Amino acid sequence: MTDPVHESPVDESQERLSLADWLLVGLFSSILAIILLAVFFRYVVNHSLFWSDEVVRYLFVWFTLWGAALVLRDRRHIRVEYFVEHLPSGVRRRVEALGLLLILAFHGFLVVAGFLWVYQTAGASTPALGLPLNWVFYAALPITAAVSCYFAVRRFLTGRYAELDAGE
């Protein structure tokens, strides 16, 4: 019988990529392609792309926050586990469940505060392209926090409170 605290993730993300995984791959591929294109234009064509730094910066924010949500889904966030490892298994499971609930509460706060932030920054635009800054940049926080809430609730309902051990 396997221990539900330490068994591998249920979803098929290890076997085939989900839509969320493909979005992360797409964000990274876009960042890489734009950087390579900018380098080519700057050093070969001798003409800089005025928009490349700005787009890469915003894509990188989305990439980082989206990746953090997927790491929450896959139970791979880093942690210091010295004290939790020394707890009895029943207490340990309750502490891990409480930790997941705190993660859910924090991300819930980020959703609410983030959308307030997006609303309050309406009207600002990106310097180079003139795109709405609140949706291109600031909206990354509440949207990815909402995705993290979904993954945290899913983990909580399936009883997968703990992160995976390093070897798993």
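Assorted remarks:
- Tensor-based shape of region 128-168 (alpha-carbon gyration tensor, a/c under 1.5 rounded, otherwise prolate or oblate): oblate
- The overall shape of region 107-151, judged from the alpha-carbon gyration tensor, is oblate: a/c is not under 1.5, and a/b is no greater than b/c.
- Leading residue at positive end of dipole, region 64-142 (Cβ point charges), from Ala124, Val91, Ile103: Val91
- Considering region 17-151 at the alpha-carbon level, its Rg and Dmax are found to be 19.2, 65 Å.
- A simple charge model with +1 on the Cβ of Lys and Arg, -1 on the Cβ of Asp and Glu and nothing else charged puts the dipole of the chain at about 360 debye relative to its Cα centre.
- Ordering of 84-93, 31-40 by packing is 31-40, 84-93, highest average first (other Cβ atoms within 10 Å, averaged per residue).
- Note on Trp62: accessible area approximately 50 square angstrom, rounded to 10, probe 1.4 Å, nucleic acids and ligands left out.
- Calculated FRET value between Val91 and Phe50, using beta carbons and R₀ = 45 Å, to 0.05: 0.20
- Residue-by-residue Karplus 3J(HN,Hα) for region 28-38, coefficients 6.51, -1.76, 1.60, Hz, glycine and proline x: 5, 4, 5, 4, 4, 5, 5, 5, 5, 5, 5
- Among the protein heavy atoms of the chain, carbon and sulfur supply 70% of the accessible surface, probe 1.4 Å, non-protein parts ignored.
- Considering helices alone, the calculated mean residue ellipticity of the chain at 222 nm is -20000 deg cm²/dmol, with DSSP H runs of length four and up weighted by -39500 (n - 2.57) and normalised per residue.
- Among Leu27, Trp51, Ala69 - extreme Cα towards positive end, dipole of region 9-104, charges at beta-carbon: Ala69
- Inter-site label distance for Gln120 and Val25 at 7 Å from Cα along Cβ, in nm: 3.9 nm
- Where the chain is the region considered: accessible area per residue in Å², 1.4 Å probe: 63 Å²
The values are calculated or read from the model by the stated rules, or taken from the named source; none is laboratory data. Model, not experiment: these values are computed from the prediction. As a convention, Cβ positions derive from the backbone with ideal geometry for all residues, glycine included, and neighbour counts pool all protein chains shown. SASA here: full protein model, heavy atoms, side chains in, ligands and nucleic acids out. Shrake-Rupley method; radii C 1.70, N 1.55, O 1.52, S 1.80 Å.
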